[in-house]
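Novice: Got a structure for you, written out below as structure tokens; questions coming shortly.
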Amino acid sequence: MSITTQFGTAPEQTPQSALRAPQLPELLAPAGDWDCARAAVENGTDAIYFGLEKFNARMRADNFTAADLPKLMESLHRRGVRGYVTLNTLVFENELADAEKYLRSMIAAGVDAVIVQDVGICRLIRQLSPDFPIHASTQMTITSAAGVDFARELGCCLVVLARECSIKEIEKINSVGRAYSRAAMPLEVFIHGALCVAYSGQCLTSEALGGRSANRGECAQACRMPYDLISDGKLVPLGDRKYLLSPQDLAGLEVLPELVRADVASLKIEGRLKSPEYVANITRIYRQALDALVESRESRVEGKTTSGSRPSTLDPRRYDMEMAFSRGLHTGWFGGTNNQQLVHARFGKKRGVYLGEVSRVLRDGIAVRLEGPLKAGDGVVFDAGKPEENEEGGRVYEVQGPKSKVQSLRLVELRFGHGDIDFSRIHVGDKLWKTSDPELNRRLRQSFAGDKSKFQRPIEIEVHGVVGKLLTLIANDEFGNVAKVESSLPLAKAEKQPLTTERLREQLGRLGGTPFKLGELKNNLSGDVLLPVSELNRLRREITGELERQRLQPKRWTLNPVGSTGVPPVAFDVSSNAPNSAAFRRDAEKNPRDAGATLVVLVRNLPQLEAALKCGVTTIYCEFEDPKKYREAVKLCRETRDESREPDANKPSTLDSRPSTIFVAPPRIFKPGEDWTLEQVRSCNADGYLIRNYDHLKFFANDRRIGDYSLNVANRLAADYFKNKFDLERVTTSYDLNFQQLEALLSAAPPEWFEVTIHQHMPMFHMEHCVFCAFLSSGTDYRNCGRPCDVHDVKLRDRVGAEHPLKADVGCRNTVFNSLAQTGAEYVSRMIELGVRHFRVEFLNETPEQVTQTISKYRRLLRGEITGTELWRELKLMNQLGVTRGQIGK
């Protein structure tokens, strides 16, 4: 097998560790810097993932540089640890050359795999190297078997599933993969850390509110901010629950056995922005838990009882996890959707371990009945239910009260340093949290301090020999490296103290100072033989040295020479009628209408549709919360189409005299068991369908299709793949592009490939979390929530008073839309010059009158009757229609 990494480029090649536990998944830890990398390695990780200076989804981390790669990979491989680089952002057209340089550096340095979001980058990698492993990032929003197949066809060898997948759904995805291919694609899931409330790769909140895209590694964490819930125009009283979009942190420790049984290949710890102590802490907990699974299985076979791995509230592992970083710990979506538990909404920042409520406020301290361990020197914070304000907190100077081996449920008085706490701000009933444990931190730092190896990986040693012949040692490590050494002296017959298995283990197991520990020892010596201890020690040193030398050899991935392929070209039609030809652009400058500019209108209810049809719009998209209404929409459109075929001199002229064409939008996310949603959408028999995910590409393969913005097309390689491989009529450009980036894309690929959205309420959060269910009902999901989304108009009001509309789709997934519409009107004339033909305007809550007014203004813009600046100003003056320049003009 030519590929030696655990997850090679061929999906059927998925070797697991054959020594420690062949059935266990890989443990993957985050590394934001060198200290974090050491912390992960010394606490038992199997692999680390890290970013470079550009193109990674955690740009605020310290990150490594391309120059660090050779030294880092050598260090990791010596310790038997794999290293994966995150290139998990969208890459714009004018950045492809830089991305290629980064990729060449990774391949040359022997990086074990690259984690990728951008479809275009996957294509570029395969142009550079046919065998360099690609892991499909969770930013690809893969939630189904079709998504896994999509990644496989791109050349990926592992898929990081969306965090929203339950264990049952993971099992279904794996079972489908096994049924339709020689081997299931290895699947990776997040096991611990911060949960994004929105689907990764589908969150446009930071982009919409501040021009900082999560798809570019610049998430501003708007989900961690407080929001008011406005229902039918009235504030919903929720007490101290204000953090409506901030999930508890993920802790999958208690479902670890189920994940192993689900055949998950890799378990990923979130945290490239976290401290080395955090990395050490969480890596150690999951390493020990994984290894304990083997022991518990063996105990069950032998009839012994075990306590399993589910942590109780007094479990020291839970304490350590909460002290590492905790907004509350929960199993996330692994057990399915529970909207009451996922988001407690009381705070959106680190708390730690809960200690109890303040019983009394003293002159220089407080009294509390402890519900958790506390000692002098620990740090605490007082929680009055207003985490958005400055909170009182500090280090405990003294704990006065009864001593007890059980450090909980005892009434104690806490004293603090003089002036550290303003006790006038502390009240009875305030909650007390432990936020710092210096003793734990010291212990964690010691776990990775210094240069000596602290965590060792097992090797298997075989011993062969007979009297009068040389002794042979053969050693294997978990990566398939094999070393063989022979003694310089022949074996002698032992009169006493022969080389028994026990004596061999004693001498050969002295591996301190090396990355190894002795695992299985196979004694194949014949008869009672003897060899000097000094010679055994030499053999041990020599064979471990040879294994280290083999490990330090960089991976030899194929790398095509510079210039032999590079960034693949995209063919252009240079005929006089081509949209990017000089003749076309000259005509466009004279009259945009002659260039074929078309206004595409997306509506979200029937009154908006009727208004658009009355305006004579020829291409209409419908995105309704209830797909059952698509039939009525299609019927209405076709009735209007039939009427339009009859000439009427009294009807006003429109931008285009063609009859209306209607496309409908399936739900943006698809998960196993939701085929009925697609069947329901198709039953309306629309003219075509908006393609928003990988299942849509497959399900609607024989229909007219247009790629929507959620495909994240940001460069010509991605555009070419989606449009031409799947025969889409056109693709919508990514909402992450500003005009300079969009201009580069339109100049690099045929502009008729693209549709550009120039007016919309940005779809910010797209979530499995249902705000309607969580805060307007007592139910856990759609089965018992009472469907408040059907009867209430809900908005989320942020700290500056903006009210962002909230919508639920047929799958109960919520989308929070920006309160303000965004327009790219000021750049339309230049886009027409570049050859763009299709411009989209999206509506949300607008009235039919506002729809009519807005369509009229954009038509005037496309006809050249007003400028983009004039349209911008007129829209701002329209009643109740807020508008901003948005991401195109950033």
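Novice: With a cap of 13 neighbouring Cβ atoms within 10 Å, and only residues DSSP puts in a loop, list the trypsin sites (Lys or Arg not before Pro) found in the stretch 118-179.
Specialist: Of the trypsin sites (Lys or Arg not before Pro), not one in the loops of the stretch 118-179 has a Cβ with at most 13 other Cβ atoms within 10 Å.
Novice: As an exercise, identify the trypsin sites (Lys or Arg not before Pro) in the stretch 447-546 lying in DSSP coil whose Cβ has no more than 13 other Cβ atoms within 10 Å. Display every interim value, and only then the final one.
Specialist: Values: sites: 452, 454, 469, 484, 493, 496, 503, 505, 510, 517, 522, 538, 540, 541; in loops: 452, 454, 469, 496, 510.
Filter output for the stretch 447-546: 452, 496.
Novice: On to the next question. Run a plain Debye calculation on the chain (Cα atoms as equal point scatterers, no solvent) and give log10 I(q)/I(0) at q = 0.04, 0.05, 0.06, 0.11 Å⁻¹, rounded to two decimals, same order as the q list.
Specialist: Results for the chain at q = 0.04, 0.05, 0.06, 0.11 Å⁻¹ read -0.22, -0.34, -0.48, -1.34.
Novice: Here's something else I'd like to know. Suppose R0 equals 56 Å; then what is the FRET efficiency for residue 386 and residue 550 from their Cβ-Cβ distance, rounded to the nearest 0.05? Don't skip to the end; give the middle numbers.
Specialist: Details: r = 59 Å, r/R0 = 1.05.
Given R0 = 56 Å and the Cβ-Cβ separation, E is 0.45.
Novice: Hey, rough spin-label estimate for residue 873 and residue 427, points 7 angstrom out along Cα→Cβ, what's it come to in nanometres?
Specialist: 5.1 nm
Novice: With charges set only on the Cβ (+1 for Lys and Arg, -1 for Asp and Glu), what does the dipole of the chain come to about its Cα centre, in debye to the nearest 20?
Specialist: It works out to roughly 1320 debye.
Novice: Within the stretch 356-431, report the GluC sites (Glu not before Pro) that DSSP leaves as loop and that have at most 12 other Cβ atoms within 10 Å.
Specialist: 389
Novice: Related question: Dipole of the stretch 456-513, Cα-centred, from +1 at each Lys and Arg C-beta and -1 at each Asp and Glu C-beta, to the nearest 20 debye? Each step should come with its number before you reach the end.
Specialist: Numbers: 8 positive and 8 negative charges, 46 e Å.
In debye, rounded to 20, the stretch 456-513 gives about 220.
Novice: Sticking with this structure for a sec: Once both labels are modelled 7 Å past Cα along the beta-carbon direction, what's the residue 420-residue 127 spacing in nm?
Specialist: Here the modelled spin labels are 6.0 nm apart.
Novice: In whole percent, and with a 1.4 Å probe on the protein chains, what portion of the accessible area of the chain is carbon and sulfur?
Specialist: The computed percentage sits at 48.
Novice: How large is the Kirkwood hydrodynamic radius of the stretch 469-570, counting all unique pairs of alpha carbons, in Å?
Specialist: Across the stretch 469-570, the inverse of the average 1/r is 16.2 Å.
Novice: What is the Cα coordinate range of the stretch 352-483 on the first, second and third principal axes, sorted by size from largest, in whole angstrom?
Specialist: 86, 34, 24
Novice: Using a Förster distance of 30 angstrom, determine the FRET efficiency expected from the C-beta separation of residue 632 and residue 338, and round it to 0.05. All intermediate terms of the calculation are to be shown ahead of the outcome.
Specialist: Details: r = 35 Å, r/R0 = 1.16.
That pair, residue 632 with residue 338, gives E of 0.30.
Novice: If we count every other residue with Cβ under 14 angstrom of residue 676's Cβ, Lys/Arg +1 and Asp/Glu -1, where does the sum land?
Specialist: Cβ neighbours under 14 Å give a net charge of -3.
Novice: Taking K and R as +1 and D and E as -1, what net charge do the other residues with C-beta under 15 Å from the C-beta of residue 377 add up to?
Specialist: Working: positive: 375, 395, 415, 434, 442, 443; negative: 378, 398, 420, 437, 439.
Overall, the nearby charge balance is +1.
Novice: Okay, next question. If I model a spin label as a point 7 Å beyond the Cα along the Cα-Cβ vector, how far apart are those points for residue 783 and residue 725 in nm?
Specialist: 3.7 nm
Novice: Grab the beta carbon distance between residue 411 and residue 350, set R0 = 30 Å, and tell me the FRET efficiency rounded to 0.05.
Specialist: Step by step, r from the Cβ atoms, then E = 0.65.
Novice: Under a 1.4 Å probe, what is the accessible area of the chain per residue, stated in Å²? Numbers along the way, then the final one.
Specialist: On the way: 35540 Å² over 890 residues.
About 40 Å² of surface per residue is accessible.
The values are calculated or read from the model by the stated rules, or taken from the named source; none is laboratory data. The model shown is predicted, which means the values in this text are computed figures rather than measured ones. FYI the Cβ positions are ideal-geometry reconstructions off the backbone, even for glycines, and counts take in every protein chain you see. The area values use the complete protein model at the heavy-atom level, side chains included, leaving out ligands, DNA and RNA. Shrake-Rupley method; radii C 1.70, N 1.55, O 1.52, S 1.80 Å.
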